[in-house]
Amino acid sequence: MTEILRLDVDAAVAELRASGDSARGFLGLDPVTQNDSLLAAELKALAAQLFSAGEALVGFAPNTDQPRQAYVASTSADPEPLRALLEFLATYQRCTTFVAMVPVDAEGGKGLEACGFERAGLLPQHRWQNYDWQDVLVYVGRADSCRS
């Protein structure tokens, strides 16, 4: 299994920035247009935790309205870093369900599907990017169906 290493806020911001376009929409953030101070403030407000997983960046934010649910994100189409994150969340955070919101053209959707996530819906024109509104796909997964 892929090893994930937790990042502090400054390292998380640096990794988001280094990920460029693949991090657009990561937990609702946009490191291409948001500066480091804003990214750090948003991560803290979300109570998000980000992890390095080889070349990929994965992360989660707890759903405060549903304590056993987490919003998850990945910068990679590779399912292994995401599987490691989901295993961590199920074991140590006791999460039973996961939600991911991914821009339509993002690579992360492929990794979610490979981890057993199902496409639950589409948020039309949900994000503003590149001078146009972008559609966002909503994926849901359960801990018992996401394990390898």
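The values are calculated or read from the model by the stated rules, or taken from the named source; none is laboratory data. In this text the structure is predicted, and so the values were computed from the model without any measurement. Glycine also receives a Cβ, built like all others from the backbone with ideal geometry; neighbour counts cover every protein chain displayed. Accessible surface is based on the protein model in full, side chains and every heavy atom, while ligands, DNA and RNA are left aside. Shrake-Rupley method; radii C 1.70, N 1.55, O 1.52, S 1.80 Å.
Only one entry in 120, 114, 90 is small (Gly, Ala, Ser) and touching a Phe, Trp or Tyr at 6+ places or on another chain (Cβ under 7 Å), namely 120.
In this structure, is residue 37 surrounded by fewer than 19 Cβ atoms within 10 Å (Cβ to Cβ), touching a residue at least 40 places away in the same chain (Cβ under 8 Å) and hydroxyl-bearing (Ser, Thr, Tyr)? In short, no. Kindly evaluate residue 3 against the criterion of being charged (D, E, K, R), surrounded by fewer than 21 Cβ atoms within 10 Å (Cβ to Cβ) and free of Cβ contacts under 8 Å to residues at least 60 places away in the same chain. No; evaluated as a whole, the condition is false for this residue. Consider segment 27-63 and keep the residues that are farther than 16 Å from residue 74 by Cα and of a type in the set (S, T, N, Q). The one that is nearest to the chain's Cα centre (by Cα) is 63.
The set of residues in segment 15-60 being outside any helix (DSSP H, G or I), touching a helix residue (DSSP H, G or I) at 6+ places or on another chain (Cβ under 7 Å), aliphatic (A, V, I, L, M) and under 20 Å from residue 95 (Cβ atoms) consists of 48, 50, 53, 56, 57, 58. Here is the figure for segment 43-55: residues that are at pLDDT below 95 and open to solvent by less than 60 Å² (accessible area, probe 1.4 Å) total 1.
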